[in-house]
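A.B. asks: This is the structure I have questions about; it appears just below.
The values are calculated or read from the model by the stated rules, or taken from the named source; none is laboratory data. Bear in mind the structure is a predicted one, so any value in this text is a computation, not a measurement. Cβ: placed from backbone, ideal geometry, glycine included. Neighbour counts: every protein chain shown. Areas reflect the complete protein model, heavy atoms only, side chains present, ligands, DNA and RNA absent. Shrake-Rupley method; radii C 1.70, N 1.55, O 1.52, S 1.80 Å.
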Amino acid sequence: SLGSKRLAPERMLTTEVGYRNQDSDYFALEVTAYLNLVDDAIVSSEVSAYTLGDYGSGVTAYADDIAAFSVGQVRNQNESARFMQLGAELGVRVFPVRGLDVYGNYSLHDTRVVSGVPSLGREDDQRTSRHKLNLGAQYRAPFGLDLGVDFHWVSSQLWVETIPDAETGASFGHFPLPAYAVLNARVGYRLLDGRLQLGVVGTNLVDPRHREHPLGQRVDRRVLGTVNLGF
């Protein structure tokens with residue numbers, strides 16, 4: 001796989017509009033919508049296949065470690081297609097009693113090709129979940145107890161990644177990622193007027209061993225003890 005001096009930089013034009021209301025002592029509201037236009041995405045899809053002359057001249061040779069001949073060279077190039085991303089988010093945070101915060105937000109996202117011709121298979125890329133939901137609550141008691149819980153859920157994704165291809169040298173493979181949920185929680189206690197904080201934190205409590213990238217490491221459940229000292 002080779003680089004290229006003929007590449008143009010990837011470009012993104014981002015437009016966002018939002019409304020935020022924090023006038024009340026009991027709730028805060030935020031609404032946001034955005035539009036992204038992505039041009040000249042860099043992909044590895046320009047293939048230069050080796051010929052019999054290349055093998056005869058010694059440009060390439062048989063590789064003992066993989067027991068195969070090289071098919072050719074893959075070079076990066078700018079994609080001619082323009083991708084558009086549309087999204088919106090609604091978030092609410094409420095404070096019903098002193099020390100208690102409750103929040104929730106939902107976001108909607110869509111990626112699509114609006115002009116040009118993408119590399120074959122790239123038009124299906126949806127690596128950002130179409131739906132995302134976040135819910136949580138935090139309570140700080142006057143006698144030092146802290147309680148917190150956060151829940152996150154994202155819908156399924158489809159990642160399109162470059163993969164080796166025996167015939168062309170490179171192609172795009174589809175790697176689906178199923179929907180997953182994450183639940184985190186914390187119990188803590190504040191001492192010495194808040195200068196010392198002890199806590200127990202649990203992460204990924206409901207869906208252990210999920211992935212956040214189709215080819216990534218699985219995320220385990222974890223329980224941590226924490227000590228924070230301020231002076």
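A.B. asks: Where the only charges are on Cβ atoms (+1 Lys, Arg; -1 Asp, Glu), what is the dipole of the chain about its Cα centre, to the nearest 20 debye?
C.D. replies: On the way: 22 positive and 27 negative charges, 174 e Å.
Dipole size: approximately 840 debye.
A.B. asks: Along the positive direction of the dipole of the chain (beta-carbon charges: Lys, Arg +1; Asp, Glu -1; about the Cα centre), which of Ser119, Ser80, Asn134 reaches farthest?
C.D. replies: Of Ser119, Ser80, Asn134, it is Asn134.
A.B. asks: So what's the net charge close to Tyr19: Lys and Arg +1, Asp and Glu -1, counting the other residues with Cβ under 15 Å from its Cβ? Don't jump to the answer; show the numbers that get you there.
C.D. replies: Values: positive: Arg20, Arg93; negative: Glu16, Asp23, Glu30, Glu89.
That works out to -2.
A.B. asks: Suppose R0 equals 35 Å. What FRET efficiency, 1/(1 + (r/R0)^6) with r the Cβ-Cβ distance, do Leu7 and Ala88 give to the nearest 0.05?
C.D. replies: On the way: r = 33 Å, r/R0 = 0.94.
With R0 = 35 Å, the Cβ-Cβ based efficiency is 0.60.
A.B. asks: With every protein chain present, what is the per residue accessible area of the chain (1.4 Å probe, Å²)?
C.D. replies: Working: 14810 Å² over 231 residues.
With all protein chains present, the chain gives 64 Å² per residue.
A.B. asks: If you rank Glu123, Glu161, Glu16, Glu10 by how much accessible surface each has, with a 1.4 Å probe, what is the order from largest down? Show your work: numbers first, answer last.
C.D. replies: Numbers: Glu123 80, Glu161 50, Glu16 130, Glu10 105 Å².
Per-residue accessible area, sorted high to low, gives Glu16, Glu10, Glu123, Glu161.
A.B. asks: Now a separate question. Dividing the Cα radius of gyration by the Kirkwood radius, what Rg/Rh value follows for the range 98-231?
C.D. replies: Values: Rg = 21.1 Å, Rh = 18.1 Å.
My calculation of the ratio gives 1.16.
A.B. asks: After finding the eigenvalues of the alpha carbon gyration tensor for the range 49-163, what semi-axes result from the square roots of 5 times each, listed largest first in whole Å? Walk me through the numbers before you get to the answer.
C.D. replies: Values: eigenvalues 561, 92, 17 Å².
Each semi-axis is √(5λ); the values are 53, 21, 9 Å.
A.B. asks: Over the Cα atoms of the chain, what radius of gyration and what Dmax do you get, in Å?
C.D. replies: Computed over the Cα atoms of the chain, radius of gyration and Dmax are 25.1, 81 Å.
A.B. asks: Could you compute the net charge surrounding Ser115? Neighbours are other residues with a C-beta less than 13 Å from the C-beta of Ser115; K and R count +1, D and E count -1. Numbers along the way, then the final one.
C.D. replies: On the way: positive: Arg82, Arg112; negative: Asp39, Asp40, Glu79, Glu123.
Around Ser115, the charge tally is -2.
A.B. asks: Using label points projected 7 Å from each Cα along Cα→Cβ, tell me how many nm separate Asp207 and Ala63, to one decimal.
C.D. replies: Distance between the two pseudo-spin positions: 3.6 nm.
A.B. asks: Moving on to the next point. For the charge dipole of the range 88-192, defined by +1 on Lys and Arg C-beta atoms and -1 on Asp and Glu C-beta atoms about the Cα centroid, which residue among Val182, Trp153, Gly91 has the Cα displaced farthest towards the positive pole?
C.D. replies: The Cα lying farthest towards the positive end belongs to Gly91.
A.B. asks: So, one more: So for Lys5, Lys132, what's the accessible-area order with a 1.4 Å probe, most first? Walk me through the numbers before you get to the answer.
C.D. replies: Numbers: Lys5 210, Lys132 75 Å².
Listed by decreasing accessible area, they come as Lys5, Lys132.
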